[in-house]
Structure formats: structure tokens, C-alpha cells
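Below: the structure, in C-alpha cells.
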Amino acid sequence: MTTQCAACGTDDVVEEPVTCVARKLQGRTFDFVICKACGFIANPTNLHNYLDAGFGTASRPESSTRTGDGITPRREYRIAEMGVDILGRLGGDRPADVLVFGSGLSHDHVLMKQRLPVGRVALSDMANFQETDDFVPLAARDQQFDLVIASEVVEHFTSLDEDFENLFSKVNAGGLVVASTNIHDGTPLQRLLYPFLSGHTAYYTGRSLQAICRRFGLRVDFRTPAAALGEPGPRKRYLLFYRDPAVGECISQYFADHHLAPSE
């Protein structure tokens, strides 16, 4: 039995078996660890070793409406487009250096280089799946970027302190991290697909992410992407992490001009 919440540290947690009733995963059952204080939901046995198993057909760019094929801009490109705009509001002439964290097989980075006013565009993942020349190992601590993009990554974290420290270590003090994931809104777990999908070990609430940020000296802003109006559903959020209050003001300015965050 887990005695502490991995997000907020309280011992007010319960382990509860839940069986999915949603059609696509009906009958799948896990023992979830649920925090009664911040609402964080861990699914520690829902592991999937992507490095050993490789990527299945569903993850390949040609068969996914989210994963970039290098021809049509998808989610990571749209996040980069937004992030570059936000950071550009700080002023300065230097183009933003971008890191795609957990890039998998997405080729959106190709379009970022071609179409956006960026400097360096690097990839980071468990392995250099795309055999790119500009690859940053996950464990590297010697390189920092202005904009770090982590699309559908944080729900796979298994050790929140270690994994978030790894992610946040790659952004500079005046930079921005943008992650996309689903946020729990109180809908009964058994009615959802997201927490039951293979490899989804962490299901966050707003309070749990704020608790995590406090430990690392960051702030987090929650924004709704356009995709949330469609198939990804109403719980989809962009999480914008930053240290510098000036970046927070630029985020507010951006969303004064834009109703929704851009998405695929």
C-alpha cells in the first residue's frame, strides 16, 4: 500500500480497484491510488515499456491525427507556434531554442525549423528513435532551452519527483514548458478511457500539479486547446509551466488575443 501521495506528499490516500465501463476498454481493471487531499490518481501497475516494445502502428505518423508526419502541422507544431509567440512578447531579437521532450516518432520538429522563427530545434526521448543529429538524452543536465514541449508525456511519469525534475531541468530561467495531458474533473474513473490506457500511470488534477510546481519553484497555467472541443474531449489541457512572472504576463496577453490554444 502506498502511504504518501506522490504529488502533494500527504498520507491521506486510498487504494481502490476500478473497472472501466467505457466501451473501448470495458472490463479493464486497475488498483488506483487516489489522494484525498489534492486529487492525484496514480496507476502504478499500468506500465508499458516503450523502449523494449517499440512503437506500434497506432503511434506511427501516417496513421495518427496527432503525431506529426512532417507535412501537415500537428499538435507539437501548434504548441511551438504558440510558445514562440508567447516568448516573443518578452522582447529581444534572439530566436527561441526549442526542445521536443518525448518526441517519439513525431516529425513536427521538421516543420518547426522550416516555418517558425526558431533557433535550435532538438529532440529528447528514451532513445534516438528518429536518428536525428540534434538529440538530447533524457538524463542530460547540461543543456537548457527557451521552450520545451512535452505532448502526451507527463501521464507516463512513474516517479514524479525524478521525472518532473528531469523535464524542468531542460528549460532556462526565463523559458516556458508546455505539456499536454488530460486533467481529472471529478468524472467517475470507471467512465473514462484515459486513466486505463496502456502506460498511463499518472492522472493529475489542477491542485496536484500546483503542489508539484511549488516543490520546483515554478508556476503553472491551465489552458484549453481547440482539440478539446472534438474527439480528445473536455478534459484535455495544455499546462504552461514557468518561473519568471514576466512569462506569466505574456501568457495572459496571448490568451487575451486567442480564445483557445492552437491544436491539431
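Values quoted throughout were computed directly from the atomic coordinates according to the rules given, and no laboratory measurement underlies them. Bear in mind that the values here come from a model prediction, so they are computed numbers and not experimental data. Here the Cβ positions follow ideal geometry from the backbone for every residue, glycine too, while neighbour counts run over all protein chains shown.
Cysteines of the chain lacking any other cysteine Cβ under 4.7 Å from their own Cβ: Cys20, Cys213, Cys250.
Grab the beta carbon distance between Glu249 and Thr10, set R0 = 25 Å, and tell me the FRET efficiency rounded to 0.05.
On the way: r = 32 Å, r/R0 = 1.29.
Computed FRET efficiency for Glu249 and Thr10 comes out at 0.20.
With N as its number of residues, the chain has a Cα radius of gyration that, divided by 2.2 N^0.38 Å, comes to 0.98.
Calculated over the range 206-264, the projected area of the Cα convex hull averaged across directions stands at 4.4 nm². Computed 3J(HN,Hα) for the range 228-238, one whole-Hz value per residue from the Karplus formula 6.51 cos²θ - 1.76 cosθ + 1.60 where θ = phi - 60°, is 5, 7, x, 4, x, x, x, 8, 5, 9, 9, glycine and proline marked x.
With the cut-off at under 18 Å, measuring from each backbone N in the range 66-89 to a point 7 Å along the Cα-to-Cβ line of Leu229 picks out 74-75, 78-79, 82. For Leu138, the residues 5 or more places off, or on other chains, whose built amide H falls under 5 Å of its own are Asp125. Each stretch of four or more DSSP H residues adds -39500 (n - 2.57); spread over every residue of the chain, this sum gives -6500 deg cm²/dmol at 222 nm. From most to least packed by mean Cβ count within 10 Å, the peptides 237-250, 112-125, 145-158 give 145-158, 237-250, 112-125. When you restrict to C-alpha pairs under 8 Å that are six or more residues apart and normalise by the size of the range 13-257, the relative contact order lands at 21 percent.
Pairs of lysine residues in the chain that meet both criteria, 8 or more places apart or on different chains and Cα atoms under 26 Å apart, total 4. For the range 37-45, backbone phi angles converted through the Karplus equation (6.51, -1.76, 1.60; θ = phi - 60°) give residue-by-residue couplings of 8, 9, x, 4, 10, 9, 10, x, 8 Hz, Gly and Pro being listed as x.
Put simply, the amide H of Val13, placed in the peptide plane, has neighbours under 5 Å in Lys36, leaving out anything fewer than 5 places away on its chain.
Scanning residues 5 or more positions from Ala122 or on other chains, those with amide H under 5 Å from its amide H are Val98, Leu99, Val100, with H placed 1.01 Å from N in the peptide plane. Using the number of other C-beta atoms within 10 angstrom as an exposure proxy, rank Ile183, Ile41 with the fewest first. Starting with the residue having the fewest Cβ neighbours, the order is Ile183, Ile41. A cut-off under 10 angstrom between Cβ atoms defines the neighbours of Arg78, and their net charge, with Lys, Arg +1 and Asp, Glu -1, is -2.
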